[in-house]
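Take a look at the structure set out below.
The values are calculated or read from the model by the stated rules, or taken from the named source; none is laboratory data. What you see is a predicted model, and the numbers here were worked out from it, not measured in a lab. Cβ atoms come from the backbone with ideal geometry, glycine included; neighbour counts cover every protein chain shown.
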Amino acid sequence: MGAALALSMFAISCNTTTTSGEETASVTADNVVKTTEIKFEEERFNFGTITQGEKVKHTFKFKNTGSEELVIVSAKGSCGCTVPEWPKEPIAPGADGEIYVVFNSDGKSGKQVKQVSIVANTEPATSVIALEGDIIAPSPEAPATEEVAQ
């Protein structure tokens, strides 16, 4: 029974489903058949060293560098502690967009790399962005800060 409880706690603590918004965009046959290109200003963001329990918030900026509308179908964090928000409407060729990611370090320690997989009408269909950094345990005399805006 102890193993079953531990397994269920792991499943709860690292839920891989995304809870922010809808999982699919307004996809039409034209949007799925025609591919385009996405170019991120940065694919990895190093948040440095934070105290366990802090939340890191970061915006990944991108541009549709192709000749067709960009449709992001989904964005999923590698763990339930990493939650992305992405544009649900098509991004015109040459236009910019943003994917906002929040990482909750509660219960985490040491070196962390949290990825977000973005599925869109691009070739290849999946792009990956990541947050990385180190998490230290809070000192007993100082409570953890709630949020770190980056």
Checklist entry - What is the one condition in (1) surrounded by fewer than 12 Cβ atoms within 10 Å (Cβ to Cβ); (2) modelled with pLDDT of 95 or more that SER117 does not satisfy? => result (1)
Next on the checklist: Please determine whether any residue of region 126-138 is surrounded by fewer than 18 Cβ atoms within 10 Å (Cβ to Cβ) and among the small types (Gly, Ala, Ser).
Outcome noted: yes
Checklist entry - Within region 107-133, can you find the residues that are farther than 19 Å from GLU42 by Cα and touching a Lys or Arg at 6+ places or on another chain (Cβ under 8 Å)? => result ASN121
Next on the checklist: Between THR59, THR51, THR65, which is closer than 23 Å to PRO138 by Cα and either in contact with a helix residue (DSSP H, G or I) (Cβ under 7 Å, 6 or more places away or on another chain) or at pLDDT 95 or above (or both)?
Outcome noted: THR51
Next on the checklist: Which count do you get for residues in region 29-48 that are at pLDDT below 95 and part of a loop (DSSP other than H, G, I, E, B)?
Outcome noted: 2
Next on the checklist: Restricting to region 98-135, count the residues that are part of a strand (DSSP E or B) and under 16 Å from the mean Cα position of the chain (by Cα).
Outcome noted: 24
